[in-house]
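Worksheet: one structure, shown below.
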Amino acid sequence: MRHLLSSLRRNQLNHRRITPRIHSIFCANYKPQKPQPPPAPPSPPKPPKKPVTFTHHGESWEDPYSWMSQLNDKVAMRHMDVYMEQEEKYIEAVMSDTERLQSKLQSEMGSRLSNELSTPPLRWGPWLYYRRVEEGKQYPVLCRRLARANEDFISNRSPSAGFDFTSGKRIEQKLLDYNEEAERFGGYAYEELSEVSPDHRYLAYTMYDKDNDFFKLSVRDLNFGSLCSKPQADRVSNIAWGKDGQALLYVVTDHCKRPYRIYCSMIGSEQDDVLLIEEPSENGYVNIRHTKDFQFLTVHIFSTTSSKIFLIDAADPLSGMIPVWECEAQAHCVVEHHQGYLYLFTDAAKNGQLVDHHYLLRSPVNCSLNKRKWENIFSDDSEFIIEDVDFSDKHLVLIVRDGRNFRLCPISLPLPSTKEEIKLKELSPQFLPLPKNVCQIKPGTNYDFYSSTMRFTISSPLMPDAVVDYDLSNGKWNIVQQQNLLHERTRVLYGTSSSASFIQSARKVGSNNEVNPENHSTWNDLSEFYACEVHNVKSYDGIIVPLTVVYSPKRKKQAENPGLLHGHGAYGEILDKRWRSELKSLLDRGWVIAYADVRGGGGGGKKWHHDGRRTKKINSIYDYISCAKFLIEREIVQDNKLAGWGYSAGGLLVASAINSCPSLLRAAVLEVPFLDPTNTLLNPILPLTPADYDEFGYPGDITDFQAIRKYSPYDNIQKDLVYPAILVTSSFNTRFGVWEAAKYVARVRECSIYDPKHPVLLNLTADIVEENRYLHCKESALETAFLLKMMES
């Protein structure tokens with residue numbers, strides 16, 4: 001050791017002696033060099049222009065990129081393949097300096113993914129049904145186990161193949177392995193429908209056949225694990241069991257994906273399936289469902305001009321259909337049965353007058369259509385607007401809205417026998433406990449009609465979704481499953497471990513029916529770290545638009561924070577304001593996340609929806625712009641650091657807002673957006689539904705057509721102006737074709753002033769991102785890195 005240290009000292013001394021000599025040599029030969037210019041930014045692709053002129057209602061316009069949608073033109077598709085490769089290389093080049101950031105973001109987001117290996121068990125009759133993921137497998141397995149042999153053994157967190165080490169018995173039954181289904185369908189497993197028969201003997205399900213672009217129906221015998229020989233049908237859109245599991249009714253679509261036929265198949269029979277009904281009208285659609293007590297099947301036939309409901313006896317599905325309801329114009333209609341009464345939940349017009357909200361009607365089952373009289377159950381009350389209902393044998397649960405606040409209200413059944421309308425307050429309703437800032441409540445499947453427990457999913461901008469079981473007989477409630485970000489784990493609670501009583505703790509429930517703030521940890525609420533505010537924004541015409549703002553108080557600085565504004569405003573759907581773990585990466589970097597509840601969306605009644613569709617679509621665009629300006633003017637977000645985000649129809653909203661005011665946003669992310677409504681609605685390549693035309697307009701109507709032309713993002717790109725940086729994402733498995741995204745990107749580049757600091761990018765995926773959570777993480781990391789890069793450029 002001493003010899004080694006001596007050697008090291010000598011080397012250090014020698015290094016000191018020669019260093020000055022080397023330094024003098026370098027200085028003598030040194031010549032100053034000119035600084036190297038930064039590398040030139042990559043040039044965006046320029047697809048060929050092949051102008052085509054279109055004329056409609058006396059108006060002519062030119063589309064230079066119409067060739068991108070010519071799917072049957074082999075030459076055009078070869079050009080498209082080359083263009084897509086160029087776009088892929090371009091986005092890689094532009095985002096190459098963010099590779100380390102993307103990797104870091106993907107790691108952050110991946111660490112927040114729920115590590116839960118099983119869905120919470122769903123009790124139905126004697127069984128517990130659930131899905132779990134086996135180690136090393138891509139897709140889950142559908143399983144069940146008997147509840148009576150399993151009261152204290154509910155293996156959610158780490159299912160060990162259903163083996164009870166205490167009794168030494170295998171208590172789990174595998175019903176369907178989706179990894180094996182992937183082998184049947186070319187390595188891809190995407191299920192749309194799945195229904196267990198009421199006798200728990202069969203499983204009917206539909207899997208997506210991507211080679212043929214339809215869903216294929218299969219029925220599996222759960223006693224033997226084998227596929228039944230019939231029915232095996234293609235292009236199936238809906239299924240419902242009858243005859244206590246001996247009959248399966250299913251809906252088939254035509255080649256334009258219009259549901260138009262209903263068949264009845266007797267399980268185990270060699271006879272051909274019976275055609276019950278065929279809707280000949282090209283504008284007519286059919287749907288089928290069973291009532292929750294499985295006593296009846298309801299058939300809904302609807303178009304833009306009418307809605308009809310028919311009843312089928314589930315015990316004898318071939319006995320014919322009885323008409324029970326009819327109304328003019330398309331309406332949302334759901335029929336349930338309870339102890340000899342039919343209950344209809346609808347938003348159809350009353351006495352020829354349009355209504356703004358849903359309401360609940362009641363009528364005896366045994367009554368002809370001519371003599372049938374539907375009674376309105378609850379009187380209109382602006383304080384309690386019914387958004388949804390769910391039935392069990394003993395209770396009716398109402399999801400009600402007071403302004404923008406949601407509540408859960410259970411009511412004992414049967415209801416009082418009276419011909420007068422009931423005032424909800426007179427029933428002294430006991431509201432169920434909820435956390436703060438609830439933005440959405442969704443009923444669970446709740447298959448067990450005779451159970452006193454009903455399951456709901458509670459959503460909030462400040463809380464991961466909570467799956468909650470409410471026992472309506474004794475007031476106990478359990479958070480069955482909810483991700484706990486604070487402790488880097490997912491908690492799964494079942495049985496009595498987390499039960500609380502909303503009856504015993506009624507004094508802790510405030511006037512807004514929120515759990516006492518002292519107990520916010522019960523819900524894994526993140527309000528300790530993030531804040532949520534709701535602002536009322538005045539739009540251009542004086543209408544008040546709700547704006548929800550989420551931020552980190554520790555990182556909030558006046559007029560210094562970047563922001564991201566979400567919008568949708570279509571189909572009367574409530575804007576998705578649920579907590580999304582990928583947005584935590586922005587919140588923790590000081591971003592403000594905002595949600596604009598513009599007209600055209602849900603949460604404000606039918607009028608709110610209608611005031612933002614068809615000829616009034618421009619209202620939703622101006623609402624979004626007003627919310628964006630509010631964020632900047634109130635110094636919630638720094639000027640020139642606001643980005644927009646829109647999915648599907650929300651992409652149309654944000655893109656149209658950019659056309660109206662290109663300097664308002666610094667950047668925008670448009671996910672699978674609807675960007676070319678003029679051409680898509682006039683010449684649909686992919687099938688459209690009446691709801692699509694009802695939402696965006698009928699090109700055959702000149703007033704609607706003129707409105708479409710005014711708001712269409714693709715047709716109104718401003719020339720010779722700098723546009724914000726835009727990332728457009730699309731997929732080959734989306735209802736809006738990739739050509740819409742490709743055409744829009746090409747035209748924005750062509751018309752706007754080129755600025756390398758404001759790139760317009762196109763990102764394409766071959767898979768459905770939402771069905772693969774790891775791919776979703778990767779794509780979210782790219783979008784987040786894009787936003788961070790554009791704000792810092």
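The values are calculated or read from the model by the stated rules, or taken from the named source; none is laboratory data. Not measured: the values here are computed from a predicted model. No Cβ is skipped: glycine too gets one built from the backbone with ideal geometry, and neighbour counts run over all protein chains shown. SASA here: full protein model, heavy atoms, side chains in, ligands and nucleic acids out. Shrake-Rupley method; radii C 1.70, N 1.55, O 1.52, S 1.80 Å.
All conditions in (1) open to solvent by 10 Å² or more (accessible area, probe 1.4 Å); (2) more than 19 Å from residue 563 (Cβ to Cβ); (3) of a type in the set (D, E, K, R) hold for residue 671, with the sole exception of (2). Can you find even one residue in the stretch 330-338 that is open to solvent by less than 50 Å² (accessible area, probe 1.4 Å) and free of Cβ contacts under 8 Å to residues at least 12 places away in the same chain? There is no residue in the stretch 330-338 that is open to solvent by less than 50 Å² (accessible area, probe 1.4 Å) and free of Cβ contacts under 8 Å to residues at least 12 places away in the same chain. Within the stretch 51-110, the set of residues being outside any helix (DSSP H, G or I), of a type in the set (A, V, I, L, M, F, W, C) and surrounded by 19 or more Cβ atoms within 10 Å (Cβ to Cβ) comprises just one member, 95.
Among the residues of the stretch 182-194, is any closer than 15 Å to residue 265 by Cα, open to solvent by less than 20 Å² (accessible area, probe 1.4 Å) and of a type in the set (A, V, I, L, M, F, W, C)? Within the stretch 182-194 (the criterion being closer than 15 Å to residue 265 by Cα, open to solvent by less than 20 Å² (accessible area, probe 1.4 Å) and of a type in the set (A, V, I, L, M, F, W, C)), the answer is no, since none of the residues qualifies. Residue 465 meets each of the listed conditions (1) within 22 Å of residue 584 (Cβ to Cβ); (2) in a loop (DSSP other than H, G, I, E, B) apart from (2).
Going by the conditions given, is residue 626 in contact (Cβ under 8 Å) with a residue 24 or more places away in the chain, hydroxyl-bearing (Ser, Thr, Tyr) and either in contact with a Leu (Cβ under 8 Å, 6 or more places away or on another chain) or surrounded by 24 or more Cβ atoms within 10 Å (Cβ to Cβ) (or both)? Judged against the criteria, residue 626 is not a match. Strands (runs of 3 or more DSSP E) fully within the stretch 341-458 that include at least 1 residues being among the small types (Gly, Ala, Ser): 359-364, 405-412. Comparison of 737, 700 shows that the only residue that is of a type in the set (Gly, Ala, Ser) and closer than 26 Å to residue 329 by Cα is 700.
Restricting the stretch 371-399 to residues that are among the small types (Gly, Ala, Ser) and under 31 Å from the mean Cα position of the chain (by Cα), which is surrounded by the fewest Cβ atoms within 10 Å (Cβ to Cβ)? Ranking the qualifying residues of the stretch 371-399, first place goes to 382.
So, in the stretch 273-304, of the ones that are touching an Asp or Glu at 6+ places or on another chain (Cβ under 7 Å) and assigned to a loop (DSSP other than H, G, I, E, B), which residue ends up most open to solvent (accessible area, probe 1.4 Å)? The residue in question is 304.
The C-beta contact set for the stretch 422-451 (first residue more than 25 Å from residue 196 (Cα to Cα), second residue open to solvent by 20 Å² or more (accessible area, probe 1.4 Å) and among the polar types (S, T, N, Q), distance under 6 angstrom, 6+ apart or interchain) comprises 423/379. If you go through the stretch 551-571 and pick out every residue that is open to solvent by 30 Å² or more (accessible area, probe 1.4 Å), part of a loop (DSSP other than H, G, I, E, B) and without any contact (Cβ under 8 Å) to a residue 60 or more places away in the chain, you end up with 2.
Considering (1) surrounded by fewer than 21 Cβ atoms within 10 Å (Cβ to Cβ); (2) under 21 Å from residue 377 (Cα atoms); (3) in contact with a Phe, Trp or Tyr (Cβ under 9 Å, 6 or more places away or on another chain); (4) not small (Gly, Ala, Ser), the lone condition that residue 465 does not fulfil carries the number (2).
The listed residues are 113, 122, 101, and the only one of them that is among the aliphatic types (A, V, I, L, M), under 30 Å from residue 176 (Cα atoms) and touching a helix residue (DSSP H, G or I) at 6+ places or on another chain (Cβ under 8 Å) turns out to be 113.
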